[in-house]
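The values are calculated or read from the model by the stated rules, or taken from the named source; none is laboratory data. Values in this document were obtained by computation on a predicted structure and should not be read as measured data. So basically every Cβ, Gly included, is an ideal-geometry build from the backbone, and we count neighbours across all protein chains shown. Quick note on the areas: whole protein, heavy atoms, side chains included, nothing else; ligands and nucleic acids left out. Shrake-Rupley method; radii C 1.70, N 1.55, O 1.52, S 1.80 Å.
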Amino acid sequence: MNFIFRSTSLLFMGLVIFGLNTANAKEGMWIPTLLNALEGDMQSMGLRLSAEDIYSVNHSSLKDAVVHFGGGCTAEMVSSEGLLLTNHHCGYSQIQYHSSVENDYLKNGFWAMSRDEELPNPGLTATFIERIHDVTERVSKALEGLEGEELANARKQLYEEILSEFTEGTDLTGGVVSFDFGNQHFLITKRTFLDVRLVGAPPSAVGKFGGDTDNWLWPRHTGDFSVFRIYASADNSPSEYSDMNVPYKPAHHFPVSIDGVSEGDFTMIFGFPGRTEQYLSSDAVSHVIDRLNPMRIAMRDISLATINAARASSDELRIAYASKQSSISNAWKKWAGQTDGLKELHAVQKKLDLESEFLSRAKEAPVPDPSYLSAISDIQKANEEYFPYLESRSLFIELVYYGPDILLHAFEFADLIEDWSSLESSGKLQETIEYLKGVNSDYSRNYNATVDEDLLGGLVESYLGFVSQELAPADLQVKFDKAGSADEYSETFFKNSIFDNPEELAILLEKGKEKSFAKLKKDPAYELVMELRSNYFEKISPGYRAGVASIEEATATYTRGLRELFPERLFPIDANSTLRLTYGKVEGSSPHDGMKYEPLTTARGILQKYIPGDADFDLPSDLVAELEDADWGRYADSNNDLVICFTGSNHTTGGNSGSPVINGDGYLVGINFDRSWESTMSDILFDETRCRNIMVDIRYVLWIIDKYAGASHLVDEMTIIDSVK
Ligand code: ASP
């Protein structure tokens, strides 16, 4: 990789940010250490704080109340006693984990009325960012002139060196993270808490109101929130779950404003956006539209047909498959919207136009930079080789990680099956058996062999239909063809496997005989998952990784070139699961001819959507009564309505789920949870006229907690700002 340190282009990046044109300030997920450059723009839109109030290493700031929740979502601290808010869909697997047919928290909601009723969640983490520090200059200088493996090794070592300089002797973790395809590097240190307890969740009829039908759509009426509390040791530091732990005292918690929002109000979203791909080249966007999305959607169509039918058939299955269904359907629906949006906005043509303008400007430069002249063709050459690997990898993930549970469960036993004697000689055998007893018992809670069997055949058939033959396990097609049909393949497979039977596995683990586990080497589930994995690591992963590296190298040149050759335009840095701030306004949109989306919805819309008995739009009768009663108390707006959700022009993506929506004073006014259908392409192409994020109004959240659930002790813990009344 060409890692020449370009002080001029880095300086240039700074200039671009300083010279920011406010007209398109809404696009971009900003690194919090760069906010000084945006302070003026934000203030002109309604921010009444300074950049230092938002992010500071010297004193407490808003960033200290922002939490990376479970590694995939965002949450925010709302009390000095560890209370946090996130989305219902972010806490969904924990709510499911504690639910049973007898205690159906998914359906009825859950409220801890005292601290000792709060429920622990093994494995759930809450992470705070301690510091973000730009080390680009140091890294770039040290790596100058290195290439290939030498570069990769040197970079790894340097990253570790920098990390230990900042964290040795502390309880901090973190690492150096590369941004913008390796053009920038930031050290990020963090503190992760391990005892995070469930405090409250509304019924799914509130938290997931509208279900898959309304997901990714506006107008919306979903109370997508849940409540957790972080616990720490007596000295306020991270600790594994213990009943000696005490509520964590954050350096900052958000005051909660019940003054409400109106169209045009400034909003900012502080959180952990996962991944955007704004710099995909034109051929890569075509590939998403024509190949990648259709194949992933087709695989998920198959899973959803089975899982949705199963969930509708019994309460037990509704609970058991809640989380799996949501994670499959969420991206499935987004991909469909993304494809539509990319087509409607002529994304491929827009990318082509930019690429050709880039080339002409590169050629016309006083001293043309040869790396700019070849950047686009380099990306496209690399893409051509990379696409089959990308497809095979996606298909592998769809089959193994989103497909039948039997495959990953079989893989859990690999050590016992393959390495019994080394486990024995290292004294780890018993520990491994005990661990697997736990894994197997968790598996048995949600596992249903009939549903799983139904998933397997169709998914393997679909996988084989899409994957390039050279990148598939050698004899999978032969085995599948031999079975005669997808159903027969599944039937024989499940008849001959033990991994669909947790009770039998529990007996084997109890007996602990080497021979019985050695025999499982021939179990069809174990055989298939091992074949798929070794096929992945031998045939797919090397090509995939090489492709990613070449594309990254060429794209780093391309984005540097874009910033240099188009000084009048803004090219924000892609999201990479690090802490970012995005800002905009409460704003509706008009993505369809002849109609306008208002920015706010009210309780009236919940009753309008209510369909008794419907899976997505049913409501508990006591909620219907309260909504009809319309006694909103101090949560009412000036029209005496209860605002439920609102949209804004803040640039967000997955991972921003649960993020605090903050007003100009730094107060919490909502929780981010979604984007509109017409925005689903924004990870690849942002369009400021139509891209809108969807937030639940904090007054609806508080009304549910306080009035509907009667958990007013939680609201009492918060710092409520009520300056209007
Ligand atoms: N609802 C979305 C998600 O779950 C959040 C977003 O992407 O805007 O990923």
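Per DSSP H run of at least 4 residues, take -39500 (n - 2.57); add these up for the chain, divide by its residues and hand me the 222 nm value, nearest 500 deg cm²/dmol.
-13500 deg cm²/dmol
At 0.36 nm per residue, and after removing the present C-alpha to C-alpha distance, how many nm does the segment from Leu146 to Gln477 gain when stretched out fully?
Stretched out fully, the Leu146 to Gln477 stretch lengthens by 114.8 nm.
Any idea which of Leu508, Tyr231, Val261 is furthest toward the positive side of the dipole for the chain, if Lys and Arg beta-carbons carry +1 and Asp and Glu beta-carbons -1?
In the chain, that residue is Val261.
Tabulate in residue order the Karplus-calculated ³J(HN,Hα) for segment 212-224, using 6.51 cos²θ - 1.76 cosθ + 1.60 with θ = phi - 60°, rounded to whole Hz; enter x for Gly and Pro.
5, 4, 8, 3, 6, 10, 10, x, 10, 9, 9, x, 7
If you roll a 1.4 angstrom probe over the protein chains with everything in place, what fraction of the accessible area of segment 441-556 belongs to carbon and sulfur, to the nearest %?
C and S atoms contribute 50 percent here.
Just the number please: accessible area per residue for the chain, 1.4 Å probe, all protein chains included, in Å².
Ligands and nucleic acids excluded, the result is 41 Å² per residue.
Compute, for the chain, the length of the dipole vector about the Cα centre, with Cβ point charges of +1 (Lys, Arg) and -1 (Asp, Glu) only. Units Debye, rounded to 20.
With Lys and Arg at +1 and Asp and Glu at -1, about 780 debye.
Quantify, in whole percent, the carbon and sulfur part of the accessible surface of segment 332-421 (1.4 Å probe; protein heavy atoms only).
53
Which sequence of Tyr700, Tyr159, Tyr402 reflects their accessible areas, 1.4 Å probe, from the largest down?
Greatest to least solvent exposure: Tyr402, Tyr159, Tyr700.
Compare Met595, Met530 by solvent-accessible area with a 1.4 Å probe and give them largest first, with all protein chains kept in place.
Met595, Met530
Can you list which of the trypsin sites (Lys or Arg not before Pro) found in segment 584-621 are DSSP loop residues with at most 10 other C-beta atoms within 10 Å?
Lys596
I need the Kirkwood Rh of segment 474-611: take the reciprocal of the average 1/r across all distinct C-alpha pairs and report it in angstrom.
When all Cα pairs of segment 474-611 are included, the Kirkwood radius is 22.7 Å.
Once amide H atoms are placed 1.01 Å from N in the peptide plane, what residues at a sequence separation of 5 or more from Trp216, or on another chain, have their amide H within under 5 Å of its amide H?
Counting only residues 5 or more places away or on other chains, the set is Arg675.
For segment 397-413, what does the Karplus curve 6.51 cos²θ - 1.76 cosθ + 1.60, with θ = phi - 60°, yield as ³J(HN,Hα) per residue in whole Hz, taken in order and with x for Gly and Pro?
So the J values, rounded to whole Hz, are 5, 4, 6, 7, 8, 10, x, x, 5, 4, 5, 5, 5, 4, 5, 3, 8.
Can you work out ³J(HN,Hα) from phi for every residue in segment 86-99, in order, using Karplus 6.51 cos²θ - 1.76 cosθ + 1.60 and θ = phi - 60°, giving whole Hz and x for Gly and Pro?
9, 7, 4, 6, 7, x, 4, 5, 6, 5, 4, 4, 8, 8
Quick one: order Ser682, Ser723, Ser712 from most to least accessible surface, probe 1.4 Å.
Ser723, Ser712, Ser682
Out of residues 5 or more away from Gln184 or on other chains, whose amide H comes under 5 Å of its own, with H placed 1.01 Å from N in the peptide plane?
The list, which skips near neighbours in sequence, is Phe179.
Between Rg and the Kirkwood Rh of segment 600-690, both from Cα atoms, what is the Rg to Rh ratio?
Result: Rg/Rh = 1.02.
Hey, how many Å between the Cα centroid of segment 495-574 and the Cα centroid of segment 134-177?
Between the Cα centres of segment 495-574 and segment 134-177 lies a distance of 26 Å.
Taking a ≥ b ≥ c as the square roots of the eigenvalues of the Cα gyration tensor of the chain, is the shape rounded (a/c under 1.5), prolate (a/b larger than b/c) or oblate?
rounded
Taking amide H atoms as placed 1.01 Å from N in the peptide plane, list the residues 5 or more away in sequence, or in a different chain, whose amide H sits under 5 Å from that of Ser589.
Those qualifying (amide H under 5 Å, at least 5 residues apart or on another chain) are Tyr597.
Share of segment 170-258's accessible area from carbon and sulfur, percent, 1.4 Å?
For segment 170-258, the apolar C and S fraction of the accessible surface comes to 56 percent.
Check the chain for me: any Cys whose beta-carbon has no other cysteine beta-carbon within less than 4.7 Å?
Cys645, Cys691 - these cysteines have no disulfide-compatible partner (Cβ-Cβ under 4.7 Å) in the chain.
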